[in-house]
Amino acid sequence: MTTSKQGEPGRRLHPISMVYFIARSGKELAGMLPLIPVAILLVNRLFGEAVDRALLTAAVIAAAAVAIVSFAWLRWRQFRYRVEPGVLYIEQGLWVRRKTWIAKDRVQSIHASVSLYDRFFGLVRLEVETAGGDGKPEAALSSITAEEAARVQEALGFARGSARSSARDLAQGLTQNPAQDSARGSARSAAHQPDASIASAAPAEPSGHPVDADAANAGQPETASPSGPPMFKLPLGRSLALSMSTAKFALLWLTIGGTALKAWDEWLKKTALWEAVLDRLGWPGAIVLLLAGSCLLAAAAVFLLDGGFRLESQDGTLTIERGLLEKKRTVIAARRVQAVRVTENPLHRPFGLASVRIVVAGGSDEDKKTVDLFPLVRFAELPALLDAYLPDYRLPETWNPVGRGARAVYVTVPLLLCLIAAAAAIVWIPSAWSWFALLLPAAAWLNGTMELRQAAWSREERQLAIRFGGVSRQRVLIAKSRVQWQRISQNPLQEGKALATFKVALASGKSGAVFALRHAPAAEIRSLSDWLAEPAGRR
């Protein structure tokens, strides 16, 4: 039996985890598919006669299936892990044995998810990430029990107190709607259970004063008591609005719409049902029906994937849960947060809404180095929410704009370049459509003007804030101690205007997260640089 570094036997994963290993082995053997025609050719030459290709292909596929299942079983047998306070030890590998020790001080975040096949067995998948992420989690425990997942998280210093019940809720899919969560939380709070999950019997603001149910449903933090942990839940209305305003929705809509058009061309238009639709709605109504149907399907798919968002802050950790079809939970140490990014895009800004993401240390790729903190929230609520969940970050009350001296680089230069391009298009494209090229300089002027108005910075206490963007407004709140490096650059045009560009980088992902303050007064930039270079203890 495989033993850990202390000589004690390690634990195996649940047998259903072989599904994960089968998928992994299948990906590895997928590259051998081109060998099928080579095998047919070799067999024909070896036996000197033609071989039934269908039979040989079936035999090769069957052999591959047996190999995949066999490799998956061996990998499952060889996988061992052992957890003790402060350390996670993993031993795995089919051909080469790999031993990994992960200390809790190095863990940046823990991601928990429940796949469809895990849900039937009440199991959870845990992924552990450290600062040295190279594109994948350092440890992945597929298909372990909820109690075991809670034990691992507690041993690594995450989700103390409520880890066991919250992991069980995630595995069993109990978080079906806010009403059930609130009732369950009230019962646990009344029973004073020490390992109770997040309770929400008495919603409260970050200050601890009670609020009514409508305010809680509007996305305000909730607590079981004035001293309980705050919990943020995205209301159903905002979840639906968010489902229809993301890039994932647009991609799914295009995919479903394309599939619907293909089905219409090959099958639907020849049926009596389509004729009846045309008789009642006509062509415009039928097209609108197809578009609306595909839109609703795409929104429903996104809602099932990302709906049910919840955020809890407790014991220095942020626990984020989302997903109805496949539940996912991420536990992040608050000390690993590098920056807070607030975005007001054109779809949300007219309604006073914004989205908030956090930049975390150790993310292995672009998707993981920024995590949703508040997917959709009223901008006016942000100061109170940040104070409740990330008190080290706050929205500045005053900003320092870059000033009108930067108009030349923000507006004039892009406008002149676009005017030249538009003039060339009008001259060289012999068509009435060429006059639409004049929209290009108009767009450049509008975007440059909006960027000039937004470009600003703020420096207060231990935080640097940068505001930028045009059509989409961005605010980045950066802790002074999190800045890894800074850079000042000047081009000839900036030098003539006494301007400069200032860049700061944070420790996140392979290349880090970089934010820039463009075309700001050079003297102010140097002052910011000197301030960031001061030791952490100085004010």
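The values are calculated or read from the model by the stated rules, or taken from the named source; none is laboratory data. All of these numbers come straight from a predicted model, not from anything done at the bench. Don't worry about glycine lacking a Cβ; one is built from the backbone with ideal geometry, like all the others, and counts go over all protein chains shown.
In this structure, does Leu318 turn out to be closer than 23 Å to Ser239 by Cβ, part of a strand (DSSP E or B), touching a residue at least 24 places away in the same chain (Cβ under 8 Å) and more than 14 Å from the chain's Cα centre (by Cα)?
It is true that Leu318 is closer than 23 Å to Ser239 by Cβ, part of a strand (DSSP E or B), touching a residue at least 24 places away in the same chain (Cβ under 8 Å) and more than 14 Å from the chain's Cα centre (by Cα).
Can you tell me which condition Leu438 does not meet? The list is (1) surrounded by 14 or more Cβ atoms within 10 Å (Cβ to Cβ); (2) of a type outside the set (D, E, K, R); (3) modelled with pLDDT of 90 or more, and all the others hold.
Against the list (1) surrounded by 14 or more Cβ atoms within 10 Å (Cβ to Cβ); (2) of a type outside the set (D, E, K, R); (3) modelled with pLDDT of 90 or more, Leu438 comes up short only on (3).
I'd like to verify a number: residues in region 59-101 that are free of Cβ contacts under 8 Å to residues at least 12 places away in the same chain and touching an Asp or Glu at 6+ places or on another chain (Cβ under 9 Å), how many?
Number satisfying all stated conditions: 1.
For residues in region 404-431 being buried (at least 16 other Cβ atoms within 10 Å of the Cβ) and without any contact (Cβ under 8 Å) to a residue 60 or more places away in the chain, which is farthest from the chain's Cα centre (by Cα)?
Ala425
Taking region 61-97 as the region of interest, how many residues are in contact with a strand residue (DSSP E or B) (Cβ under 7 Å, 6 or more places away or on another chain) and at pLDDT below 80? Please lay out each step first, then the result.
Taking region 61-97 first, the residues in contact with a strand residue (DSSP E or B) (Cβ under 7 Å, 6 or more places away or on another chain) are 78-82, 86-92, 97.
Restricting the remaining residues to those that are at pLDDT below 80 gives 86, 97.
Matching residues across region 61-97 total 2.
Pro535 versus (1) in contact (Cβ under 8 Å) with a residue 24 or more places away in the chain; (2) not in a helix (DSSP H, G or I): which is the lone unmet condition?
Looking at each condition in turn, Pro535 falls short on (1).
For region 373-393, give me each residue that is touching a strand residue (DSSP E or B) at 6+ places or on another chain (Cβ under 9 Å) and closer than 15 Å to His348 by Cα.
We begin by selecting, within region 373-393, every residue touching a strand residue (DSSP E or B) at 6+ places or on another chain (Cβ under 9 Å); these are 373-379, 381-382, 385-386, 388-390, 392-393.
Matches in region 373-393: Phe374, Pro375, Leu376, Val377, Arg378, Phe379, Glu381, Leu382.
Given the structure, is Glu381 surrounded by fewer than 22 Cβ atoms within 10 Å (Cβ to Cβ) and part of a helix (DSSP H, G or I)?
Considered against the rule, which asks whether it is surrounded by fewer than 22 Cβ atoms within 10 Å (Cβ to Cβ) and part of a helix (DSSP H, G or I), Glu381 comes out as yes.
Can you name the condition, by its number, that Trp274 falls short on among (1) touching a residue at least 60 places away in the same chain (Cβ under 8 Å); (2) more than 30 Å from Met231 (Cα to Cα)?
Evaluating Trp274 over (1) touching a residue at least 60 places away in the same chain (Cβ under 8 Å); (2) more than 30 Å from Met231 (Cα to Cα) leaves (1) as the failure.
For the condition surrounded by fewer than 12 Cβ atoms within 10 Å (Cβ to Cβ) and among the hydrophobic types (A, V, I, L, M, F, W, C), what is the one hit in Ala263, Ala292?
Checking each option against the conditions leaves just Ala292.
Looking only at region 306-327, count every residue that is surrounded by fewer than 18 Cβ atoms within 10 Å (Cβ to Cβ) and out of contact with any strand residue (DSSP E or B) (no Cβ under 8 Å at 6 or more places or on another chain) and tell me the total.
The initial filter retains those residues of region 306-327 that are surrounded by fewer than 18 Cβ atoms within 10 Å (Cβ to Cβ), namely 315-316, 324-326.
Now restrict to residues that are out of contact with any strand residue (DSSP E or B) (no Cβ under 8 Å at 6 or more places or on another chain): 315, 324-325.
The qualifying residues number 3.
Take region 328-338 and flag every residue that is out of contact with any Leu (no Cβ under 6 Å at 6 or more places or on another chain), crowded, with 20+ Cβ neighbours inside 10 Å and assigned to a strand (DSSP E or B).
Answer for region 328-338, where residues must be out of contact with any Leu (no Cβ under 6 Å at 6 or more places or on another chain), crowded, with 20+ Cβ neighbours inside 10 Å and assigned to a strand (DSSP E or B): Thr330, Val331, Ala333, Val337.
Every residue, every condition in (1) surrounded by fewer than 21 Cβ atoms within 10 Å (Cβ to Cβ); (2) closer than 19 Å to Val413 by Cβ, yes or no:
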{"position": "Arg459", "(1), (2)": "yes, no"}
{"position": "Arg462", "(1), (2)": "yes, no"}
{"position": "Gly470", "(1), (2)": "yes, yes"}
{"position": "Ala513", "(1), (2)": "no, no"}
{"position": "Leu517", "(1), (2)": "no, yes"}
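Is it the case that region 221-243 has a residue that's acidic (Asp, Glu), assigned to a helix (DSSP H, G or I), buried (at least 18 other Cβ atoms within 10 Å of the Cβ) and in contact (Cβ under 8 Å) with a residue 12 or more places away in the chain?
no
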